[in-house]
Amino acid sequence: MTGDGIGVPLRRREDRRFLTGCGRYVHDIVRPRQLHAVFLRSPHAHAEIVAIDKAAALASPGVIAIFTAEDVTIDKLNGVPCAWGIVGKDGQPMKEPPHPLLAQGKVRHVGDPVAMAVADSVDAACGAAERIPVEYRILPPVTEVNAAMTAGAPQLYEDVPNNLCCDWAIGDAAATDAAFARAHHIAKIDLVNNRLVPNAMESRAALAEYEPATGDYTLYTSTQLPHVARVLIGVLILGIPERKLRVVAPDVGGGFGSKQVVYAEEALVTWAARKLERPVKWVADRSEAFQSDAQGRDHVTHAELALDRDGKFLGLRVSTLANIGAYVSTFGPNIPTNLYGPLLAGVYTTAAIYCEVKVVFTNTVPTDAYRGAGRPEATFVLERLVDVAARDLGIDRVELRRRNFISRDAFPYQTPVMLQYDSGDHDATLAKALEVSGWSSFPARREEAARRGKLRGIGIVTYIEACGLAPSRIARQLGARGGLFESASVRVNPSGDITVFTGSHNHGQGHETVFAQLVGDMLGVSSSLVEIVHGDTARSPFGLGTYGSRSGAVGGAAIAKAVGKIIDKGRKIAGYLLEASEQDIEFADGKFTVSGTDRSMTFGEIAGAAYFPPDGFPLDILEPGLEETAFYDPVNFTFPAGCHVAEVEIDPETGELALVDYAAVDDVGVVLNPMIVGGQVHGGIVQGAGQVLGENCLYDPASGQLLTGSFMDYRLPRADDLPQLKAATQSTPCRHNPLGVKGCGETGTIASPATVMNAVVDALSQYRITHLDMPATPQRIWHAIQLARHPAAT
């Protein structure tokens, strides 16, 4: 044992360069003769473009070029593609109108790019963009899904009636109707899952250069999936051979799903670099990010739960309107459908489920993946509804959940909405969460808060999520353009140190530490001998990148598979050098040993011999070298699950909300590094709780203007909003993953919105308030209390 392998809470090795200012982000990269791009964006949510005059801007000092949709059309560039479409319940594919790189004839949301100014400095490019007069004919906008579906609503596209992108469904409608027909009670809820802005610490950026002598392009961009970006940007948008475009994602300062989207700016700077034969760089400012980064959530839902006399769940019926924004984004249609509906089964034995989702276009920024991507929305619907059912029937919230759990001995468990769960122990997770949170002593804390004039509430959620999207066969059936595998190459150098090239991408997850621990553990060497290389399509094998908590379960499995091949070849080399059969060679603790003897060779000795064998290898038996590549295509999703408990206090006179305690117990499978798992869970909890505490993206319905376009209006959670978080694990290994891991990057974000909101509603229960939409701002809480105190005023 090396002491720094699997299960050891090593500190993240990559943190040293970040803390000492040595990180290398796109903004830090400067190329010779570099130009700068700035985008002129639409100030209107919906308007026809009548005319654009480039003359004044082109005459400005330092300006090299001004590009509009006309230039894009001349060069026959394609629009931004959708990588994962969906099919409606009528069997027809979704409506996918063109998504132009620069607005062509019409703008459809505030921030829609209209022109690109390229100059020798950022200031010159900004000045040029301001000197481009655009004549618009303003059209009425529509920003809300309910309004977009009404008769006479403004239409974003002539060939998309009622702004309906797709009418999608999952489940058995007839079986669900039958379940409801025999129900003793039907619990109902109407709720809004409000829109969010990702706000990664590093704004998006792209820098492209072109080499005329070879026709090669290099694009440095802040993406979560370099190889996918290479295909979508190079092949599908620009029409250049894949081999001619190198995509490099250096250090990336957070992604949260918004950087797995392919954007027009990345393609445009790449195209401009060739046209101008100089590097072109663009870096978004924060205001631009608010207007152009793919946003998240934005659902309006009605849900009903059918129960029998004993409180057993018979059926679930869900109807959702999902706001997809002005265009179909890279994965946008998939989020409120394929990643939402199948998770409505939760951890319960509900026999019949039917979910229908209408995906709707509006004059807002497109929506796409945002940490959790569909699973937080499903959990919010289900867990709020379970609380409503418990209140309606007078059954304890914990008992109602426990009564409907999938039992430990029922796995593998086939849900009525596609997924088959492989493992879990929800009773054990719940029991530990009740212990960690001090659930039984809550009444005393509530009484103490009341003496201080505060309302104290406690909320609980038992959730499950699907990670490591799989398998490729199912993904293609659901509309994905390709598979969902991951790749890795492991190179053992002659000196015995190791370089791992992974298709996964690290933007805060700790891959450089955890993957090194995994390799070191398997090979019996220190993780300090292992270097992880990622984010460069010229170095790493083709991979799908990082999203959906897939890196450990899928990326790690690919690495393990490649390391397994290294060990297999090591056995062959050891067998040859030790004059033994390959089958008689055992490998453990970094040594290859002839079974039943004391003859052995260390891993380092085998590494050297692989390149410099004492007498050479017979080439018909062995090739020199020690390097292997593997691809891992998972046979199923992984299913992290858990139980979270939150406590809040509310000042009834001001509506001020305080999150005062939070406990999370998560089943993430085998824990590779406890410290990193804890960090991921903490971050996820905060990000999810932020949606309750104040985050809210708002558009003015009349003008379509973004009302929350800066941190003055969009309230991110702060450190003083949060208690000391308690995070623990209660794990059952994944049965089909070779490492037994399930994923941890999104668990907190999936569970915490419903957990905190359940606590808020519990705190307000003395006023008979049964529901509140997010965010639970002081104004919203105070208003609800006033209506409850003075019902005649309504």
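The values are calculated or read from the model by the stated rules, or taken from the named source; none is laboratory data. All values derive from a computational prediction rather than experimental measurement. So basically every Cβ, Gly included, is an ideal-geometry build from the backbone, and we count neighbours across all protein chains shown. Remember, those area values only see protein heavy atoms, side chains included, never the ligands or the DNA or RNA. Shrake-Rupley method; radii C 1.70, N 1.55, O 1.52, S 1.80 Å.
Ranked by the mean number of other Cβ atoms within 10 Å per residue, highest first, peptides 654-661, 343-350 order as 343-350, 654-661. For the chain, the C-alpha radius of gyration sits at 0.99 times the compact-globule guess of 2.2 N^0.38 Å, with N the residue count. Model label points for Ser595 and Asp28, set 7 angstrom from Cα along the Cα-to-Cβ axis, are 5.1 nm apart. Electrostatic tally near Glu14: other residues with Cβ closer than 11 Å to its Cβ, Lys and Arg +1, Asp and Glu -1, net +2.
If you take every residue apart from Cys467 with its C-beta less than 11 Å away from the C-beta of Cys467, what net charge results, scoring Lys and Arg +1 and Asp and Glu -1? Don't jump to the answer; show the numbers that get you there.
Numbers: positive: Arg375, Arg550, Lys742; negative: Glu465, Glu746.
Summing Lys/Arg as +1 and Asp/Glu as -1 gives +1.
Where Lys and Arg each count +1 and Asp and Glu each count -1, what net charge lies around Arg274 among other residues with Cβ under 12 Å from its Cβ? If you can, show how the numbers build up before the last one.
Values: positive: Lys244, Lys275, Arg278; negative: Asp75, Glu209, Glu211, Asp216, Glu277.
Summing Lys/Arg as +1 and Asp/Glu as -1 gives -2.
At the listed q of 0.21, 0.22 Å⁻¹, the Debye profile of the range 376-459, built from one uniform point per Cα, gives log10 I(q)/I(0) equal to -1.21, -1.27. Per Stokes-Einstein, at 37 °C and 0.692 mPa s, what whole-number D in µm² s⁻¹ belongs to the range 335-436, with the Kirkwood radius over Cα pairs as the hydrodynamic radius? Translational D for this selection: 214 µm²/s. From the P(r) of the range 654-729, can you give the percent of Cα pairs sitting at distances over 17 Å? Tail of the P(r) past 17 Å holds 57 percent of the pairs. Between the range 651-676 and the range 524-559, how far is it from one alpha carbon centroid to the other, in angstrom? So the separation of the two Cα centres works out to 29 Å.
Among the listed pairs Lys565/Lys591; Lys89/Lys358; Lys54/Lys281, give every one whose C-alpha distance is greater than 18 Å. Pairs exceeding the cut-off: Lys54/Lys281. Every Cα-Cα pair of the range 10-136 was included, and the share exceeding 18 Å stands at 66 percent.
Peptide packing: for 678-689, 3-14, the average count of neighbouring Cβ atoms within 10 Å per residue gives the ranking 678-689, 3-14, highest mean first. Hey, with R₀ at 45 Å, roughly what FRET efficiency would Ile186 and Met712 work out to, going by the Cβ-Cβ distance, to 0.05? Efficiency, rounded to the nearest 0.05: 0.55.
Expressed as a whole percent, the accessible surface of the range 105-173 that belongs to carbon and sulfur atoms is 50, based on a 1.4 Å probe. From the alpha carbon centroid of the range 80-98 to that of the range 448-466 is 41 Å.
Using only alpha-carbon positions in the range 514-567, the gyration tensor eigenvalues give semi-axes of 19, 13, 11 Å once each is multiplied by 5 and square-rooted (largest first). The simple spin-label model puts a point 7 Å past each Cα toward its Cβ; for Thr150 and Ala51 those points are separated by 3.7 nm.
For Lys454, a cut-off of 19 angstrom between C-alpha atoms picks up these aspartates and glutamates, skipping any fewer than 8 places away in its own chain: Glu647, Glu649, Asp651, Glu653, Glu656, Asp661, Asp720, Asp721, Asp762. Radius of gyration over Kirkwood radius for the range 149-252, both on Cα atoms: the Rg/Rh ratio is 1.21.
Cα-Cα pairs above 20 Å in the range 268-353: how many percent?
Numbers: 2172 of 3655 pairs.
Cα-Cα pairs in the range 268-353 separated by more than 20 Å: 59 percent.
Rg over Rh for the range 354-497 works out to 1.09, using Cα positions for both radii and the Kirkwood form for Rh. Around the amide H of Lys106, modelled in the peptide plane, lie the amide H atoms of Ile49, all under 5 Å away and 5 or more residues distant in sequence or on another chain. Restricting the calculation to Cα atoms, the range 649-794 yields a radius of gyration followed by a Dmax of 18.5, 63 Å. Surface composition of the range 1-57: carbon and sulfur atoms hold 55% of the protein heavy-atom accessible area at a 1.4 Å probe. In plain terms, the chain from Ala175 to Ser528 could stretch by 121.4 nm, reckoned as 0.36 nm per residue minus the Cα-Cα distance. Among the trypsin sites (Lys or Arg not before Pro) in the range 696-794, those located in a DSSP loop and surrounded by at most 11 other Cβ atoms within 10 Å of their own Cβ are Arg718, Arg768. Along each principal axis, taking the top coordinate minus the bottom one, the Cα set of the range 538-643 gives 54, 37, 21 Å in descending order.
DSSP beta bridges confined to the chain are antiparallel in about 80 percent of cases.
Tell me, what is the per residue accessible area of the chain in Å², probe radius 1.4 Å?
Details: 29190 Å² over 794 residues.
Normalised by residue count, the accessible surface of the chain is 37 Å².
For the range 478-564, the pair-distance distribution built from all alpha carbon pairs, in bins 5 Å wide starting at 0, is 3, 16, 28, 25, 16, 7, 3, 1, 1, 0 percent.
Calculate, for Lys275 and Ala59, the FRET efficiency according to 1/(1 + (r/R0)^6) with r their C-beta to C-beta distance and R0 25 Å; round to the nearest 0.05.
0.80
Do any of Lys259/Lys561; Lys76/Lys259; Lys95/Lys244 go past 30 Å between their Cα atoms, and which? Long pairs (Cα-Cα over 30 Å): Lys95/Lys244. On full extension, the segment bounded by Glu435 and Asp584 gains 48.7 nm, given 0.36 nm per residue less the C-alpha separation.
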